[in-house]
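The values are calculated or read from the model by the stated rules, or taken from the named source; none is laboratory data. Values in this document were obtained by computation on a predicted structure and should not be read as measured data. Quick reminder, even Gly has a Cβ in these numbers, built from the backbone with ideal geometry, and neighbours come from all protein chains shown.
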Amino acid sequence: MGPAANVFPQPGPVLPPEHWRARATVRLARELLGKFLVRTRDGVAEARLITEVEAYDGERDLACHARAGRTARTATMYRDGGCWYVFLCYGVHEMLNLVTGPADWPAAVLIRGVAGAAGPGRLTRALGIDRRLDGAAALPPSGLHVEDRGVRVPKAWVRATPRVGVAFAGPVWAAKPWRFLIDPARVAELAEAPRFSHGNSGRGGVMRGK
């Protein structure tokens with residue numbers, strides 16, 4: 001486990017599937033930064049701060065798997081938001097996505113990085129995530145859920161860039177700034193200074209709720 005894996009180890013509220021069902025995938029992707037991905041295996045929970053995400057928003061989004069419509073591969077994306085969509089990339093890497101939006105609006109957020117594991121393939125290897133979780137609810141009984149532990153990442157700490165590896169989508173969709181990540185230097189800062197006061201800690205600081 002990386003040194004930044006459990007910066008704020010105190011458990012927080014579980015964000016239920018209903019939380020992810022708004023038709024607002026880009027906003028929900030940004031909201032995931034600073035939340036905790038919690039993986040439970042053999043009764044042991046491991047929590048990782050979410051540091052990097054990408055939004056994919058419906059059949060209109062030519063970078064999204066759903067651009068070709070409903071298929072056996074993308075069927076999970078058409079479910080109600082709040083479940084996991086896990087697919088194999090290039091026959092090597094398991095990729096973890098959180099389905100968002102109402103049923104029949106195929107959208108999801110790719111979780112590209114967590115503290116201690118930068119990159120979607122490293123993330124799933126580190127947490128033992130594979131396609132057996134595809135379609136599972138983002139709730140503790142599934143072994144994988146999201147918690148709000150009170151961390152609020154300031155806007156100044158967040159970068160918004162085009163998504164990775166989607167040039168095939170054409171100039172409009174490839175340029176969408178729908179990749180969000182916490183400045184890596186700030187992630188390291190969180191690891192080195194794990195205790196912050198409640199509320200607003202000042203300019204550029206982390207806020208933690210009670």
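Quick check on R39: is it among the basic types (K, R), modelled with pLDDT under 95 and not in a helix (DSSP H, G or I)? It is false that R39 is among the basic types (K, R), modelled with pLDDT under 95 and not in a helix (DSSP H, G or I). Annotation: of all residues in the range 77-93 being at pLDDT 95 or above and either out of contact with any strand residue (DSSP E or B) (no Cβ under 7 Å at 6 or more places or on another chain) or of a type in the set (D, E) (or both), the one that is nearest to R23 (Cα to Cα) is D80.
Report yes if some residue within the range 65-80 is buried (at least 24 other Cβ atoms within 10 Å of the Cβ), in contact (Cβ under 8 Å) with a residue 60 or more places away in the chain and on the phi < 0 side of the Ramachandran plot; otherwise report no. No, the range 65-80 contains no residue that is buried (at least 24 other Cβ atoms within 10 Å of the Cβ), in contact (Cβ under 8 Å) with a residue 60 or more places away in the chain and on the phi < 0 side of the Ramachandran plot. Of all residues in the range 51-75 being out of contact with any Pro (no Cβ under 7 Å at 6 or more places or on another chain) and of a type in the set (V, I, T), which is farthest from G170 (Cα to Cα)? Per the criteria, the residue is T51.
Of the residues making up the range 163-173, those that are outside any helix (DSSP H, G or I) and either touching a residue at least 40 places away in the same chain (Cβ under 8 Å) or surrounded by 17 or more Cβ atoms within 10 Å (Cβ to Cβ) (or both) are R163, V164, V166.
Considering the range 99-149, the residues that are outside any loop (DSSP other than H, G, I, E, B) and polar (S, T, N, Q) include one that is farthest from L181 (Cα to Cα), namely S142.
What do you reckon, is L96 farther than 22 Å from P17 by Cα and in a strand (DSSP E or B)? Spelling it out, it is not the case that L96 is farther than 22 Å from P17 by Cα and in a strand (DSSP E or B). In the range 35-61, which residues are touching a residue at least 40 places away in the same chain (Cβ under 8 Å), touching a helix residue (DSSP H, G or I) at 6+ places or on another chain (Cβ under 9 Å) and among the small types (G, A, S)? Within the range 35-61, A55, G58 meet the criteria. Could you list, in sequence order, the residues of the range 91-113 that are out of contact with any Gly (no Cβ under 9 Å at 6 or more places or on another chain) and either of a type in the set (S, T, Y) or under 18 Å from T40 (Cα atoms) (or both)? L96, N97, I111, listed by residue number. All of T74, T100 fail the test of being modelled with pLDDT of 90 or more and in contact with a Phe, Trp or Tyr (Cβ under 7 Å, 6 or more places away or on another chain), apart from T100. Tell me, yes or no, whether the range 174-192 has at least one residue that is part of a helix (DSSP H, G or I), at pLDDT 95 or above and surrounded by 13 or more Cβ atoms within 10 Å (Cβ to Cβ). Checked the range 174-192: at least one residue is part of a helix (DSSP H, G or I), at pLDDT 95 or above and surrounded by 13 or more Cβ atoms within 10 Å (Cβ to Cβ). When L127 is tested against (1) surrounded by fewer than 19 Cβ atoms within 10 Å (Cβ to Cβ); (2) modelled with pLDDT of 95 or more, exactly one condition is not met: (1).
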